[in-house]
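To keep things clear, I will list the structure first and then write my remarks on it.
The values are calculated or read from the model by the stated rules, or taken from the named source; none is laboratory data. Computed from a predicted model, the values in this text were never measured in an experiment. Cβ sites come from the backbone with ideal geometry, for glycine too, and all protein chains shown count toward neighbours. Just so you know, the surface numbers come from the protein's heavy atoms only, side chains and all, with ligands and any DNA or RNA stripped out. Shrake-Rupley method; radii C 1.70, N 1.55, O 1.52, S 1.80 Å.
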Amino acid sequence: MRFPKPTLSSRNGFLALTLMFTIPWVVFTLLCYMFPVFLSSPKLAKKILPLIYLAIGILEAGLLVYVIASLTKIIWNYRKLRHVSPEMPQVQLRDIVLPSVSFLIGSIIFYVVWNYLAPSRFAWDGDVNIDAPPLATVIHDWLHLDGYRWGIFTFIGMVSGLVFYLSFGRLLARLEQIPFRSMCGKGITCQWWLVSITYLLSLLLAFAMSHAARKAFVELEHYHGRELSFDALGESILQNYNTNSEFWHKANDIWMPLLDQKLGKNRSEEDSNNGAYQVNLPYFCKRHCHAKMSPDIMELINRELASNSVINGLEKLFASEIPMPTLEDSRQYRIEEICHDLFYCELWKLRAAIEEKNIESALIRCEMLEKLLSLFTSINKTCRFGTPHDYEIDYIQMLEILISSGMGDEAWLQGLAQKLDGREEEYRQILAGQAYLFAVGLKDYFKDLDEGYGFETPKPLKLSSCRFLFPQAWWMMANDKRMTAVAAKTKDFSNWPEEHGFLFYVTLQSDYFYGIHFWHRQFLARSRCFRCLVAAELVRCSTGQYPERLDDIPEDPYTGKELLYRKGKFKQTEFVLKIINKEKEYDFPKNSTLDYIGDNAIEVRKTTIDVTGIQAWSLGQNQQDDEGLDDRNRNCDDIRSLIRASPFVR
């Protein structure tokens, strides 16, 4: 009686099994070291990588089918071996159970690791459980996989794979009635020699790249002139700024009722009947403080602001010196939201003072807004990423309205021009501070990623626990650290890559920091345009009319040439607000929306009008002259500042 054998001969079967283990290792090694090439040539990567993945997938699927079919056939025919002649191979039950169980365990571990680690390559500090299949999620939650446990889990999977490989080879040798060592021919030996050589070379390269990464961070510290640590960052705050945690604790207590409002009935919720939005007061002020409105709307919002205890309490608290928040204050309290809400309510009050022609009240509001802008500048230097460009631009737009109303005298305009000149330098300091803050966070991030702690959600892997299992991944991580440290040698993020250029941290932050540079240029363009108009307004104060051209026009940050300036008629987009009767059925006119403040429904209509005045503008990102228009639907992205010759207010 002969025992049924797999389709292939035992030696060929063992060779195929060996290929199933060695080919992925070699291909993985090559792809790791070719990854920088693929990053620099994304078109090449798009052509080659899918073909490689397809070829490996087909090969592995075929080999996997062979293994499963062989095990199934052997198990199915095992009962025929109960009464066999003595010359038949003595196949015991354990000879079949061991490869079957180890294959099952290794497959499950591979399945879980693949579904968690592979999709999370671009989400190392995010929640990697979002798209995991149910079985993988159950196993992950049951074993509480996190940090070093991922390393142990992966190591168990590798051991299970090795046990399956050896036990299945031994089973094939028994069926062939030959010694196991005779199964290992030249083909198999060469494959394992290749794996051993690639492993040792990868280990050496990983050690060398790890040393280069440490050296790059040392050079980054020399570049910034101080240690890259949160302690050093905290010391710079304490040395250069006045801090008072009690102030921010009190501000947070005052502001909390407004947060409850936002999260409650006034949170921007869409009305299913008429498409209207119930908005909170600071948000309404932000959206519409530059709009044209009827007197009843101005009176309504002024009344709401006057009766708002939160805004009044914050205004009294911030009337004195505003201390700098510490890092702990920034983590503990919602400082930016507090300042944001107060800023836009104050901006509305400035608009109300302009409407009332109350120059004294307008100057008081300007002083408060400039204090808040100074605070935003300090916070962005030290405590958070980003720039205060949106606050700056909204304030500049309100100053344009103030000047258009004829309220700014020559002395005030001269002082404003000096302040605007200093803002560019302050912005450079913001970006330099953010570059240092980013470098500190960068070093801390890689430390957490390597040691597998400091995360809020379960993370893929404690890299330090498996660096010797996968030295190629260790090399990639070290190379990423080195490349990121080199890229972090920046003062203004102007050289920051727009495309994803790295694997982990920079992949997460490329868009963000490129965005910082994008908004920085937009602020420079808007600020310089406004400085041109302030210079033109000073000429008008002296001569009675606007100049036809200006001397010493600043540079357009997009083109490197002078900004454009002229006087005459221009097209301008304007938003017009009016209260409507919400009891009646409302037909939305074209280009209009509906907001609710309390029990009042307010129509917001977008119109385009002709205005006479002066404007200075930048050509924007597309570097085409669109006459100052910013209309994404028409591919116009000019950035301009405009002062009307006729008053903007009623």
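Among the residues examined, Val113 does not qualify as in a loop (DSSP other than H, G, I, E, B), modelled with pLDDT under 70 and not acidic (Asp, Glu). In this entry, Arg181 passes the filter for residues that are surrounded by fewer than 13 Cβ atoms within 10 Å (Cβ to Cβ), at pLDDT below 80 and among the basic types (Lys, Arg). For segment 307-360, a residue qualifies if it is polar (S, T, N, Q) and open to solvent by 30 Å² or more (accessible area, probe 1.4 Å), and the qualifying residues are Ser307, Ser309, Asn312, Ser320, Ser330, Gln332, Asn358. Scanning segment 477-492 for residues that are modelled with pLDDT of 80 or more and either open to solvent by less than 30 Å² (accessible area, probe 1.4 Å) or touching a strand residue (DSSP E or B) at 6+ places or on another chain (Cβ under 8 Å) (or both) yields Ala478, Asn479, Ala485. What about Arg365, is it open to solvent by 30 Å² or more (accessible area, probe 1.4 Å), modelled with pLDDT of 90 or more and closer than 16 Å to Cys285 by Cβ? The answer is yes for Arg365. Of everything in segment 216-239 that is free of Cβ contacts under 8 Å to residues at least 40 places away in the same chain and open to solvent by 100 Å² or more (accessible area, probe 1.4 Å), the residue that is nearest to Val486 (Cα to Cα) is His222. Within segment 197-206, the residues that satisfy the criterion of being more than 19 Å from Thr22 (Cβ to Cβ) and either surrounded by 15 or more Cβ atoms within 10 Å (Cβ to Cβ) or touching an Asp or Glu at 6+ places or on another chain (Cβ under 6 Å) (or both) are Leu205, Ala206. Take the conditions surrounded by 15 or more Cβ atoms within 10 Å (Cβ to Cβ), touching an Asp or Glu at 6+ places or on another chain (Cβ under 7 Å) and either at pLDDT 85 or above or of a type in the set (Gly, Ala, Ser) (or both) and apply them to Ala276. Does it pass? For Ala276, the condition - surrounded by 15 or more Cβ atoms within 10 Å (Cβ to Cβ), touching an Asp or Glu at 6+ places or on another chain (Cβ under 7 Å) and either at pLDDT 85 or above or of a type in the set (Gly, Ala, Ser) (or both) - is met. If you go through segment 326-337 one residue at a time, do you hit one that is at pLDDT below 90 and within 21 Å of Ile301 (Cα to Cα)? Within segment 326-337, one or more residues are at pLDDT below 90 and within 21 Å of Ile301 (Cα to Cα). State whether the residues of segment 566-583 include one that is in a loop (DSSP other than H, G, I, E, B) and modelled with pLDDT of 85 or more. No - not one qualifying residue is present in segment 566-583.
The residue that is modelled with the lowest pLDDT, among those in segment 493-516 that are farther than 24 Å from Tyr33 by Cα and either in a loop (DSSP other than H, G, I, E, B) or of a type outside the set (Asp, Glu) (or both), is Tyr512.
Just one of the listed residues (Glu410, Glu400, Glu356, Glu346) is under 23 Å from Pro323 (Cα atoms) and not basic (Lys, Arg), namely Glu346. Of the residues making up segment 305-317, those that are of a type outside the set (Gly, Ala, Ser) and without any contact (Cβ under 8 Å) to a residue 60 or more places away in the chain are Leu305, Asn308, Val310, Ile311, Asn312, Glu315, Lys316. Only one of the numbered conditions (1) without any contact (Cβ under 8 Å) to a residue 60 or more places away in the chain; (2) not in a helix (DSSP H, G or I) is not met by Ser361, and that is (2).
Regarding segment 256-268, can at least one residue be identified that is charged (D, E, K, R) and at pLDDT 85 or above? Among the residues of segment 256-268, not one is charged (D, E, K, R) and at pLDDT 85 or above, which makes the answer no. If the condition is being surrounded by 12 or more Cβ atoms within 10 Å (Cβ to Cβ) and at pLDDT 80 or above, then segment 38-61 contributes Ile48, Ile52, Ala55. Of all the criteria given as (1) open to solvent by 20 Å² or more (accessible area, probe 1.4 Å); (2) at pLDDT below 80, the one not satisfied by Leu594 is (1). Screening Leu194 against (1) in contact (Cβ under 8 Å) with a residue 40 or more places away in the chain; (2) over 22 Å from Thr490 (Cα atoms); (3) open to solvent by less than 80 Å² (accessible area, probe 1.4 Å); (4) part of a helix (DSSP H, G or I) leaves a single unmet condition, (3). Checking each residue in segment 396-433 for being part of a helix (DSSP H, G or I), touching a residue at least 60 places away in the same chain (Cβ under 8 Å) and either over 12 Å from Val534 (Cα atoms) or acidic (Asp, Glu) (or both) picks out Gln397, Met398, Glu400, Ile401, Glu410, Asp421, Arg423, Glu424, Tyr427, Arg428, Leu431, Ala432.
Taking the criterion of being within 30 Å of Leu442 (Cβ to Cβ), out of contact with any helix residue (DSSP H, G or I) (no Cβ under 7 Å at 6 or more places or on another chain), open to solvent by less than 40 Å² (accessible area, probe 1.4 Å) and of a type outside the set (Phe, Trp, Tyr), would at least one residue in segment 369-378 satisfy it? Yes, because at least one residue in segment 369-378 is within 30 Å of Leu442 (Cβ to Cβ), out of contact with any helix residue (DSSP H, G or I) (no Cβ under 7 Å at 6 or more places or on another chain), open to solvent by less than 40 Å² (accessible area, probe 1.4 Å) and of a type outside the set (Phe, Trp, Tyr). Of the candidates Gly544, Gly560, Gly568, the single residue that is in contact (Cβ under 8 Å) with a residue 40 or more places away in the chain and either among the small types (Gly, Ala, Ser) or open to solvent by 60 Å² or more (accessible area, probe 1.4 Å) (or both) is Gly568.
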